[in-house]
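Since the structure comes first, as structure tokens, the remarks are kept for the end.
Readers should treat all values here as calculations from the given coordinates under stated rules, not as data from a laboratory. This one's a predicted model, so the numbers in the text were calculated from it and none came from an experiment. We place every Cβ from the backbone using ideal geometry, glycine too, and count neighbours over all the protein chains shown.
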Amino acid sequence: MKYFEVTFTAQPCNEVINDIISALAGEIGFESFVEWENGVQAYVQQSLFDQEALGNMVANFPIPNTNITYEIKEAEDKDWNEEWEKNFFQPIVIGNRCCIHSTFHKNTPKTEYEILINPQMAFGTGHHETTSSIISELLDADLQGKSVLDMGCGTSILAILASMRGANPVTAIDIDDWCVNNSRDNIALNQINNITVELGDASLLKNREPFDVIIANINRNILIADMDRYAACMHIGSELFMSGFYVQDIPAIQEKAESLGMTFIHHREKNNWAAVKFIMK
């Protein structure tokens with residue numbers, strides 16, 4: 001079976017953008033995906049390839065201020081799903097406490113928390129520095145009985161971990177309907193029953209009751225644009241964890257958060273990707 005390999009380059013590049021590229025490409029016939037340093041490589045059967053649909057997908061990409069380019073070449077014959085499973089989505093252990101894997105993985109390490117992710121197009125698997133950093137934050141946080149919001153939830157891996165750590169209730173929101181559907185699949189796979197998944201953006205937060213904890217793993221521009229809405233859903237002592245940006249972006253993120261009455265607590269960094277924690281004063 002003959003395939004095309006399409007290499008997407010994203011600027012900025014982060015896990016959320018890669019997730020959406022893959023989800024949208026999946027809707028126009030692409031069936032296997034591998035992340036690379038600056039984006040995603042995607043594979044589609046030549047007989048199913050629609051270049052006009054690909055051009056429209058890129059032209060109408062739903063994240064503002066994102067530049068997507070792509071290159072097309074003929075791929076060598078391989079079982080691309082098998083290749084993806086072998087090379088991309090391997091089990092990952094974070095902090096020796098949380099193991100993230102799929103149903104096809106056998107003999108995985110035994111840890112305190114075990115999260116299953118649907119292998120169909122497993123994005124938000126914990127491999128990206130932004131996701132693993134927020135997972136580390138959640139492993140250290142006191143979430144027992146706290147209400148949690150996961151903005152830009154992707155696979156809902158963060159919402160699932162929050163629930164496993166005692167958060168209740170948990171709300172997960174994403175702008176992409178594929179992510180919403182995949183989230184629901186993953187939540188069911190992990191037998192979680194206290195997470196509500198919603199389709200939309202930060203406008204859904206209007207007139208919400210305050211959350212004890214808000215997680216937002218998106219990108220710098222969206223975080224800065226939407227932080228006012230996060231702040232409106234926080235009470236004194238609410239915690240805000242954010243990632244999806246570089247270490248050099250922290251001053252801009254901090255300036256915005258502090259202008260909204262928050263206090264900077266600390267940051268983590270991994271390969272120049274940053275995660276930050278703020279508390280509402």
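In summary, the lysines within cross-link reach of LYS73, defined as a Cα separation below 21 angstrom excluding same-chain residues under 8 places away, comprise LYS2.
Taking the DSSP bridge list for the range 142-280 and keeping only pairs wholly inside it, about 45 percent are antiparallel. Dipole size of the chain about its Cα centre, with +1 on Lys/Arg Cβ and -1 on Asp/Glu Cβ: approximately 880 debye, rounded to the nearest 20.
When the range 142-280 is described by a simple charge dipole with +1 on each Lys and Arg Cβ and -1 on each Asp and Glu Cβ, the residue from THR196, ILE250, GLY166 located farthest towards its positive end is GLY166.
Counting each DSSP H run of 4 or more residues in the chain as -39500 (n - 2.57), what helix-only mean residue ellipticity at 222 nm follows after dividing by all residues, to the nearest 500 deg cm²/dmol?
Working: 8 runs with 86 residues, N = 281.
Result for the chain, helices only: -9000 deg cm²/dmol.
Restricting to bridges with both residues inside the chain, how much of the DSSP beta-bridge set is antiparallel, in percent to the nearest 5? Taking every DSSP beta bridge within the chain, about 65 percent pair in antiparallel fashion.
Based on the alpha-carbon gyration tensor of the range 156-202 and its eigenvalue square roots a ≥ b ≥ c, which shape applies: rounded if a/c is under 1.5, prolate if not and a/b is larger than b/c, or oblate? In terms of gyration-tensor shape, oblate. If R₀ is 25 angstrom, what is the calculated FRET efficiency for the pair ARG97 and ASN271, using the beta carbon separation as r and rounding to 0.05? Once rounded, the FRET efficiency stands at 0.75.
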